[in-house]
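Asker: I have a structure I would like to understand better, so I am pasting it below and will then ask my questions one at a time.
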Amino acid sequence: EQQATRERAGAAQARDLAERDVRTIVHPHSVIGEPAEPLVLDRGEGALVWDVRGRSYIDGTCGLWQCPVGHGRRELADAAAEQIAKLEFYSSFGDYSNEPSIKLAEKLLELAPAGLRRVFFTNGGSEGNETAIKLARLAQHHAGHPERTIVLARSAGYHGMGGGSLAATGIDRLREGYGPLVPGIEFLGKPHAVAGDPGTADRLIAELEERIESIGPERIAAFIGEPVLGVGGMVPPPDGYWPRVQEVLRRHGILLIVDEIVTAFGRTGHWFASERYGIEPDMIVTAKGLSSGYIPMGAVLIGQRVLDLAEGAAFLHGFTYNGHPVGAAVALANIEILRRENLLERATTLGTRLLDALRPLEELDHVLEVRGVGLMLGIEFTGGDTSGVQAGARAEGVIVRASGTSIVLSPPLVITEEQVDTLARVLKEQVRAAH
Ligand code: PLP
């Protein structure tokens, strides 16, 4: 009786909040004037979240990939609260600084691949890519190459929603309707070896060389790419791809910006996916897993070559909340949890378990490929929309994300074996039913 009363009250509260949401909020990635009924979430713990009705969901996506240490970590709440009580914020423009930012910069440079020397803090991924693109252009300009402004990017790559970061995003549906975007971005083919096609890297490298030749290397500032495509469907790179890209870029004096907004902090079993794929970036842009999303936080790691080119240049760039001490305090505590709980290793072990469980879906006619690295996995359909799978799984208490023709997965690294198995079972049922 009591249980039934609680459920009725929960349902009434959920309806009330949903109606008020629809009357007041425009959600990111929503249709204006046609709001979807929201799932109003209330709390989280580990790999589980609960809605206001009290229903639990296995979080198969970490929201938008941001939560390697899982939900509900008191330690991160405490780190934020202590810093807010001590010094909530002070701008880091010019010569102001704070201790958490300094400690975090040291920690990031210790964990990052060799050659990265300085950190520029941001509030998130798009801001980081805006920063990296501007800094690459400024560095070339300052070093006496003002004609080096073009940025090479890849089809199906996602780099954010700002002027430059959207301009560098190679997904047509996201670019339509906004008028002219930042000029000077040139797109190359999607880095995807379908069914492991061994010739893919050769073709991509030949295309890169030809395009550099036709544009003229003296006009190109930088290349931007994700080590593993995220929004583009969780696509690991073709074998041998990255070291070869890097060799070509170096030969032509083109800077390499590696977008690790999704791939860093354990997702692929390493602190940075650059390490896994043998990349020596001139800049790494990261966010999301840096603070596990407990508070917005991002960083651009800057390499020696960029510093050399830009030495003495006035970098008149920055956003109010860059170098936020609360974000830095949370990020430090988050990195400590990842280390203490060996979550990088866990991503590899559980990623293999999940991939093995999902692989049999490749036998279905409507499934093109099941793929992944660490806890970054994708199931690509041969065509059509995958949002029915997302909706079906949610009704069964599992959150997955439809991204174009793919379903993408990136659960918290703390997900249990049992939760992995449930996630796989529910998802397989939904994919099988989705002809
Ligand atoms: N780059 C990649 C690879 C991303 O996946 C995202 C966001 O999903 C971004 C950039 C943009 O980051 P943000 O949404 O924090 O601005």
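Asker: Considering each of GLY397, GLY384 in turn, give the residue that is at pLDDT 95 or above and on the phi > 0 side of the Ramachandran plot.
Answerer: One residue alone meets the criteria, GLY397.
Asker: In addition: So GLU176 clears everything in (1) free of Cβ contacts under 8 Å to residues at least 12 places away in the same chain; (2) farther than 28 Å from GLY124 by Cβ except one condition, right? Which one?
Answerer: The one condition GLU176 does not meet is (2).
Asker: Mind checking which residues of region 323-344 are part of a loop (DSSP other than H, G, I, E, B) and open to solvent by 10 Å² or more (accessible area, probe 1.4 Å)?
Answerer: Those that are part of a loop (DSSP other than H, G, I, E, B) and open to solvent by 10 Å² or more (accessible area, probe 1.4 Å): HIS324, GLU341, ASN342.
Asker: Let me ask something additional. Quick check on region 142-163: of everything there that is among the hydrophobic types (A, V, I, L, M, F, W, C) and more than 19 Å from ARG219 (Cβ to Cβ), which residue is nearest to the ligand (Cβ to nearest atom)?
Answerer: MET161
Asker: Can you tell me which residues in region 198-224 are over 30 Å from GLY144 (Cβ atoms) and surrounded by 13 or more Cβ atoms within 10 Å (Cβ to Cβ)?
Answerer: THR200, ALA201, ASP202, ARG203, LEU204
Asker: I want to confirm something. Restricting to region 108-122 and keeping residues that are modelled with pLDDT of 95 or more and open to solvent by 60 Å² or more (accessible area, probe 1.4 Å), which single residue is nearest to the ligand (Cβ to nearest atom)?
Answerer: Here the answer is ARG118.
Asker: For region 93-129, which positions are free of Cβ contacts under 8 Å to residues at least 12 places away in the same chain and within 22 Å of the chain's Cα centre (by Cα)?
Answerer: GLU110
Asker: To continue, here is another question. Quick check: is even one residue across region 123-141 part of a loop (DSSP other than H, G, I, E, B), at pLDDT 95 or above and within 16 Å of the ligand (Cβ to nearest atom)?
Answerer: yes
Asker: Kindly indicate whether ASP59 is without any contact (Cβ under 8 Å) to a residue 24 or more places away in the chain and acidic (Asp, Glu).
Answerer: Criteria not met by ASP59.
This table checks each residue for (1) open to solvent by 10 Å² or more (accessible area, probe 1.4 Å); (2) within 24 Å of GLN66 (Cα to Cα); (3) within 16 Å of the ligand (Cβ to nearest atom).
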site: PRO227; (1), (2), (3): no, yes, yes
site: PRO237; (1), (2), (3): yes, yes, yes
site: HIS252; (1), (2), (3): yes, no, no
site: GLU260; (1), (2), (3): no, yes, yes
site: THR263; (1), (2), (3): no, yes, yes
site: PRO281; (1), (2), (3): no, yes, yes
site: THR286; (1), (2), (3): no, yes, yes
site: ILE295; (1), (2), (3): yes, yes, yes
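Asker: Kindly state which strands (runs of 3 or more DSSP E) lie completely within region 5-82 and contain at least 1 residues that are of a type in the set (A, V, I, L, M) and touching a Lys or Arg at 6+ places or on another chain (Cβ under 9 Å).
Answerer: 48-51
The values are calculated or read from the model by the stated rules, or taken from the named source; none is laboratory data. This is a predicted model, so every value here is computed, not measured. Note that we place each Cβ from the backbone using ideal geometry, even for glycine, and neighbour counts take in every protein chain shown. To get the accessible areas, we keep the full protein, side chains included, count just its heavy atoms, and leave off ligands, DNA and RNA. Shrake-Rupley method; radii C 1.70, N 1.55, O 1.52, S 1.80 Å.
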